[in-house]
1. Would you confirm whether any residue within region 13-32 is at positive phi and in contact with a strand residue (DSSP E or B) (Cβ under 7 Å, 6 or more places away or on another chain)?
2. Would you check which residues across region 45-62 are within 20 Å of Arg14 (Cβ to Cβ) and not small (Gly, Ala, Ser) and list them?
3. On the given criteria, is Ala29 modelled with pLDDT of 95 or more and over 11 Å from the mean Cα position of the chain (by Cα)?
4. Pick out, from the chain, the strands (runs of 3 or more DSSP E) lying fully within it that include 2 or more residues that are without any contact (Cβ under 8 Å) to a residue 60 or more places away in the chain and open to solvent by 60 Å² or more (accessible area, probe 1.4 Å).
5. Could you tell me which of the residues Tyr34, Tyr7 is in contact with a Pro (Cβ under 8 Å, 6 or more places away or on another chain) and under 24 Å from Leu91 (Cβ atoms)?
Amino acid sequence: MSVKVYYTTVTGSRGVKSSQAEVIRVLDAKGVKYELIDISQENSLKEEMRKKTGIPDACPPQIFNGEQYCGGHEDFVEAVEGDTVMKFLKLD
């Protein structure tokens with residue numbers, strides 16, 4: 001399985017930009033290989049992300065391992081603080 005991060009390159013939200021950058025920075029620092037999926041490229045990708053999370057108004061970043069939903073930014077931050085990122089990503 002591979003880690004997938006749904007994100008957007010088009011946002012006016014400083015919070016979304018910051019959240020996405022933090023997720024990418026931590027994944028890079030931990031040497032985790034991941035695929036970025038830009039939901040701004042096609043509306044269907046945003047709908048796909050929301051359907052897969054089960055959250056009708058989910059905002060990026062949303063993180064998956066293959067088709068398994070890991071969580072969003074807040075869940076990721078908790079995993080970083082608890083030093084359980086690999087478990088969060090379902091990689092251990």
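1. So the first thing to find is which residues in region 13-32 are at positive phi, and the list is 31.
Keeping just the survivors that are in contact with a strand residue (DSSP E or B) (Cβ under 7 Å, 6 or more places away or on another chain) gives none.
No, every residue in region 13-32 fails to be at positive phi and in contact with a strand residue (DSSP E or B) (Cβ under 7 Å, 6 or more places away or on another chain).
2. Lys46, Asp57, Cys59, Pro60, Pro61, Gln62
3. yes
4. Per the criteria, 34-38.
5. Only one candidate passes the filter, namely Tyr7.
The values are calculated or read from the model by the stated rules, or taken from the named source; none is laboratory data. Because the structure is a prediction, the values reported are computed rather than measured. Glycine gets a Cβ as well: all are built from the backbone with ideal geometry, and neighbour counts include every protein chain shown. Surface accessibility is based on the protein's heavy atoms, side chains included, excluding ligands, DNA and RNA. Shrake-Rupley method; radii C 1.70, N 1.55, O 1.52, S 1.80 Å.
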